[in-house]
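Here's the structure, in structure tokens; my notes come after.
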Protein chains: 2
Amino acid sequence: MAEKTFLANKLKSAGLRMTPQRKLILSILDETSDHLDAEEVYRRAKKLNSKLNIATVYRTLNVLKEMDLIEQRYFARDHGVEYYETVTKGEHYHFTCLGCRKIIEVETPKIKQVQAEFAALTGAQFTHACVCFEGYCADCVDSEESFTL
Amino acid sequence: MAEKTFLANKLKSAGLRMTPQRKLILSILDETSDHLDAEEVYRRAKKLNSKLNIATVYRTLNVLKEMDLIEQRYFARDHGVEYYETVTKGEHYHFTCLGCRKIIEVETPKIKQVQAEFAALTGAQFTHACVCFEGYCADCVDSEESFTL
DNA sequence: ATATTAATTGCAATCCATTCGCAATAAGTG
DNA sequence: CACTTATTGCGAATGGATTGCAATTAATAT
């Protein structure tokens with residue numbers, strides 16, 4: 001209920017309305033540790049609201065993103081699809097295994113350091129960094145032999 | 001001529017053929033320091049070969065990418081468009097100014113360090129990193145007042 | 001040089017994630 | 001409860017990138 005009120009208040013102060021769809025979609029992202037794309041959010045949400053439309057999912061994801069409740073991410077080199085996760089996690093980046101498609105979270109302060117150094121050097125101000133790594137996880141390095149070196 | 005032979009040889013050893021289109025498209029990327037998307041490569045190439053088709057540009061960019069002659073990049077948070085640059089430059093990343101759309105190149109060893117540390121820690125093997133920064137350059141920070149903090 | 005054959009091109013159609021227009025619906029105010 | 005306007009559902013549209021296919025052309029063998 002605290003959370004519901006939080007979302008409702010955030011929406012209200014932006015002149016937006018609380019709707020079952022918005023509540024549902026945020027709760028799905030809040031309660032998973034998976035990394036979901038819009039299609040998967042839609043799939044999961046539709047189980048609980050069969051009338052839900054994919055356009056609403058996209059619109060809601062954009063609203064939640066603008067309100068800084070979720071983060072949009074890209075995984076892997078092919079950026080054809082956007083993924084979403086809640087902002088409650090700390091700073092982290094993603095490594096996608098090309099073998100098993102597993103996503104491993106990478107924690108490091110170095111990205112922020114790069115930003116700080118570059119900002120100090122040039123006077124620029126950072127608003128966002130997109131970082132994603134690609135390769136083969138230990139398991140797949142062991143089992144697979146052929147990939148680009 | 002040395003370069004032409006280099007491309008021809010690379011193509012040949014992959015079972016591919018040297019064509020005027022491929023030579024043209026690589027030369028455009030080789031001779032510019034701009035960051036071009038497929039559309040812009042097409043625009044520039046079409047001036048020299050008016051029959052050229054955009055599909056050929058996309059196919060050629062993919063060929064050149066697979067042969068590690070060019071790198072595909074994304075700039076800024078909105079990854080709707082892919083950009084290309086030759087691999088002849090050293091390791092660097094990109095900062096996109098949301099004010100003036102200028103792209104500033106960022107040189108730092110820290111990204112490679114993150115990869116090395118994570119590889120040592122987990123046994124994973126990296127094949128690619130996608131890193132792009134977004135914000136406001138010094139000029140735009142000075143002149144603009146309103147942006148997300 | 002010429003013939004051969006498989007890669008490549010140009011063109012149009014297609015894909016697919018995401019967005020948009022719009023009429024119907026529903027949230028929040030008074 | 002009524003009213004206003006944000007929001008939804010639906011289908012159509014968008015736009016960058018890809019693909020199928022017949023015509024063309026590069027590279028090889030003759």
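Of note:
- Residue-normalised accessible area of the protein assembly as shown, expressed per residue, 1.4 Å probe, Å²: 56 Å²
- 3J(HN,Hα) couplings calculated from phi for segment A:31-46 with the Karplus curve 6.51 cos²θ - 1.76 cosθ + 1.60 (θ = phi - 60°) are, in sequence order, 9, 10, 10, 6, 9, 10, 9, 4, 4, 6, 4, 4, 4, 5, 5, 5 Hz; Gly and Pro show x.
- Among the lysines of chain A, pairs at least eight places apart or on separate chains and with Cα atoms under 16 Å apart come to 12.
- Euclidean distance of C-alpha centroids, segment A:14-93 and segment B:66-83, integer Å: 25 Å
- Taking the Cα centre of the protein assembly as shown as reference, the dipole from Cβ charges on Lys and Arg (+1) and Asp and Glu (-1) amounts to some 1300 debye.
- Taking every DSSP helix (H) stretch of at least 4 residues in the protein assembly as shown, weighting each as -39,500 (n - 2.57) and dividing the sum by the residue count yields a mean residue ellipticity at 222 nm of -13000 deg cm²/dmol.
- Between the beta carbons of A:Lys46 and B:Val81, assuming R0 = 22 Å, the FRET efficiency works out to 0.10 to the nearest 0.05.
- Around the Cα centre of chain A, unit charges on the Cβ atoms of Lys, Arg, Asp and Glu (plus for the first two, minus for the last two) sum to a dipole of about 1140 debye.
- B:His79 sits among other residues whose Cβ lies under 13 Å from its own Cβ, and their net charge, with Lys and Arg +1 and Asp and Glu -1, is -2.
- Relative to the Cα centre, the charge distribution of segment B:1-89, modelled as +1 at Lys and Arg Cβ and -1 at Asp and Glu Cβ, gives a dipole magnitude of about 500 debye.
- The C-alpha atoms of chain B define a longest principal axis, and helix B:20-30 lies at about 30 degrees to it.
- Accessible surface of segment A:1-69 [probe 1.4 Å, protein heavy atoms]: carbon and sulfur percent: 51 percent
- Pairwise burial B:A, computed as accessible area of each alone minus the pair, summed, 1.4 Å, Å²: 3300 Å²
- Charge-dipole axis of the protein assembly as shown as Lys and Arg at +1 and Asp and Glu at -1 on Cβ define it, positive-most pick from A:Gly90, B:Leu69, B:His92: B:Leu69
- Under 5 Å between amide hydrogens, built in the peptide plane, is the criterion, and for B:Ala124 it picks out A:Ala138 among residues at least 5 positions away or on other chains.
- From phi via Karplus (6.51, -1.76, 1.60), per-residue ³J(HN,Hα) for segment A:78-83 in Hz, x at Gly/Pro: 7, 8, x, 10, 9, 10
- Amide H contacts of B:His92: none lie under 5 Å away among residues 5 or more positions distant or on a separate chain (H built 1.01 Å from N in the peptide plane; Pro and chain starts excluded).
- Interface residues of segment B:101-139, defined as those with an accessible-area decrease of at least 50 Å² between the chain by itself and the complete set of protein chains (probe 1.4 Å), are B:Lys110, B:Val114, B:Phe118, B:Gln125, B:Thr127, B:His128, B:Cys130, B:Phe133, B:Glu134.
- Cα→Cβ-extended label distance, 7 Å offset, between B:Ala8 and B:Glu117, nm: 4.9 nm
- Fraction of accessible area attributable to carbon and sulfur, segment A:90-149 (%, probe 1.4 Å): 51 percent
- Listed residues A:Cys97, B:Cys100 arranged by accessible area, highest first, probe 1.4 Å: B:Cys100, A:Cys97
- Of B:Thr5, B:Ala38, B:Val81, farthest towards positive along the dipole that unit charges on Lys, Arg, Asp, Glu beta carbons give chain B: B:Thr5
- Shortest-first distances to equivalent copies, position B:Gly123, nm, label 7 Å out along Cβ: 5.1
The values are calculated or read from the model by the stated rules, or taken from the named source; none is laboratory data. This one's a predicted model, so the numbers in the text were calculated from it and none came from an experiment. All Cβ positions, glycine included, derive from the backbone under ideal geometry; neighbour counts span all protein chains shown. Each accessible area value is taken on the protein alone, full model and side chains, heavy atoms only, with ligands, DNA and RNA left out. Shrake-Rupley method; radii C 1.70, N 1.55, O 1.52, S 1.80 Å.
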